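Peer 1: My structure is below; once you've seen it, I'll send some questions.
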Amino acid sequence: MKNRIEEIRKIKGIRQDELGKMLGVSRQTISSLENGRYNPSIMLAHKIAVLFGMHIEDVFIFDEGENENEV
Amino acid sequence: MKYDRKIIVCMILIGAGLIISILSYAGVLHGDRFVGIGSGFIGVGILFFLKQLRYIKDPQYKEEYDLALKDERCRYVRMRSWALAGYIMIIVYAVGGLVAYIFRQDFLANFLLMSVCFVLLVYSVAYFYLNKKY
């Protein structure tokens, strides 16, 4: 799942470690989210969207075909 | 309070290790294996104690440690690591059991293959329970 976390974070002038602290996760988790290596839980996705003052679908780009290859 | 209990566990480990080692040296417990067990207990106790000491003294380490416990990605990684370790263990035990069977090491073969069966049984029970729960 693609997302706009890095883009929005940079617009808002927040560092990865600062964002991690705000969300209660590590800097590595923010880095993994931004690189698309890790998909967040619905709770974390909601927290991120609320923190940015946006809707989840404005931050995360859902691709229906993406889960078909996952086991 | 949480880490006080952990320090008590460290002390129990070190104490048990010391008692086993002393009894072994005094000749009450026979065999070198008890010296090894005692030393192992002491070693694990000291390492565990040093880790707890760092947790208490170093606020940054405490923050990182607590965050890693709560962080959902770390939990996910831990869960995947356990799953992978389980798969690898089953494969190694199964292959080892077959090799032991071929080389007529019956006790070892039985132990390894029964361990595989036991793990698969535990998995089935856990799956059944969790499938009902969620």
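Peer 1: Has the range B:51-61 got any residue that is within 20 Å of B:L13 (Cβ to Cβ), more than 14 Å from chain A (Cβ to nearest Cβ) and hydroxyl-bearing (S, T, Y)?
Peer 2: yes
Peer 1: For the range B:63-81, how many residues are surrounded by 14 or more Cβ atoms within 10 Å (Cβ to Cβ) and more than 14 Å from chain A (Cβ to nearest Cβ)?
Peer 2: Total satisfying the criteria: 0.
Peer 1: Kindly indicate whether B:L84 is within 14 Å of chain A (Cβ to nearest Cβ), out of contact with any helix residue (DSSP H, G or I) (no Cβ under 7 Å at 6 or more places or on another chain) and buried (at least 16 other Cβ atoms within 10 Å of the Cβ).
Peer 2: Here the answer is no, as B:L84 does not meet what is asked.
Peer 1: If you go through the range A:38-59, how many residues are within 13 Å of chain B (Cβ to nearest Cβ) and surrounded by 12 or more Cβ atoms within 10 Å (Cβ to Cβ)?
Peer 2: Here is the first cut: in the range A:38-59, the residues within 13 Å of chain B (Cβ to nearest Cβ) are A:38-48.
With surrounded by 12 or more Cβ atoms within 10 Å (Cβ to Cβ) added as a condition, the list becomes A:38-41, A:44-48.
Qualifying residue count for the region: 9.
Peer 1: Also: Starting from residues that are within 14 Å of B:E64 (Cα to Cα) and either among the polar types (S, T, N, Q) or facing chain B (nearest Cβ under 9 Å) (or both), keep the ones in the range A:16-37 and report whichever is most open to solvent (accessible area, probe 1.4 Å).
Peer 2: Restricting to residues being within 14 Å of B:E64 (Cα to Cα) and either among the polar types (S, T, N, Q) or facing chain B (nearest Cβ under 9 Å) (or both), the top hit is A:K21.
Peer 1: Which residues, counting only those in the range B:94-134, are in contact with a helix residue (DSSP H, G or I) (Cβ under 7 Å, 6 or more places away or on another chain) and open to solvent by less than 70 Å² (accessible area, probe 1.4 Å)?
Peer 2: Hits for the range B:94-134 are B:A94, B:G96, B:G97, B:A100, B:A109, B:L112, B:L113, B:S115, B:V116, B:V119.
Peer 1: Okay, next question. Of the residues B:S115, B:S39, which is hydroxyl-bearing (S, T, Y), modelled with pLDDT of 95 or more and out of contact with any Lys or Arg (no Cβ under 9 Å at 6 or more places or on another chain)?
Peer 2: Result of the check over B:S115, B:S39: B:S115.
Peer 1: Look at B:Q60 and say whether it is assigned by TED's automatic domain parsing to the domain that holds B:D4, open to solvent by less than 70 Å² (accessible area, probe 1.4 Å) and polar (S, T, N, Q).
Peer 2: Spelling it out, it is not the case that B:Q60 is assigned by TED's automatic domain parsing to the domain that holds B:D4, open to solvent by less than 70 Å² (accessible area, probe 1.4 Å) and polar (S, T, N, Q).
The values are calculated or read from the model by the stated rules, or taken from the named source; none is laboratory data. All figures in this text were calculated on a predicted structure; none of them were measured in a lab. As a convention, Cβ positions derive from the backbone with ideal geometry for all residues, glycine included, and neighbour counts pool all protein chains shown. What goes into the accessible areas is simple: the full protein's heavy atoms, side chains included, and nothing from ligands, DNA or RNA. Shrake-Rupley method; radii C 1.70, N 1.55, O 1.52, S 1.80 Å.
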